[in-house]
Amino acid sequence: MAEREEEEEEEEEGILDLTGSQLDSLTEVEFAPDLREIDLTANRLTSLDPRFATLSNLKKLSLRQNLLSDLSLLPLSHLSGLQVDHLVSLLLP
């Protein structure tokens, strides 16, 4: 229970840390609209949730140690100022 409270506090501050949660999908995860940082390091994600495109305050997205391809990140291409930790060849405007 303390872990969930900590997660909620971080989310309130604009940070959501789901590192090592073994997620293969984000369908069960709720995103606060004011999120600034999301850490999804060490999960099993193969594609991005389309809701990322609606998070206009998002500045940092950590996707290291997942199963993503460069093509799966195309939905993020319109988010200017977004720092994505993970890929070598991500084209952002």
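Report the extension gain between Ser56 and Ser21 in nm, rounded to one decimal, defined as 0.36 nm multiplied by the number of residues separating them, less their alpha carbon distance.
Details: separation 35, 0.36 × 35 = 12.60 nm, distance 2.44 nm.
Working it through step by step, the gained length comes to 10.2 nm.
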Please give the net charge around Thr19, taking every other residue with its beta carbon less than 10 angstrom from that of Thr19, where Lys and Arg add +1 and Asp and Glu add -1.
-> -1
Rank-order 55-65, 26-36 by packing density, defined as the average count of other C-beta atoms within 10 Å over each peptide's residues, highest first.
-> 55-65, 26-36
Taking amide hydrogens as modeled 1.01 Å from N in the peptide plane, which residues meet the under 5 Å criterion relative to Asp17, leaving out close sequence neighbours?
-> Asp39
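Coordinate-derived values only; no laboratory data. The model shown is predicted, which means the values in this text are computed figures rather than measured ones. FYI the Cβ positions are ideal-geometry reconstructions off the backbone, even for glycines, and counts take in every protein chain you see.
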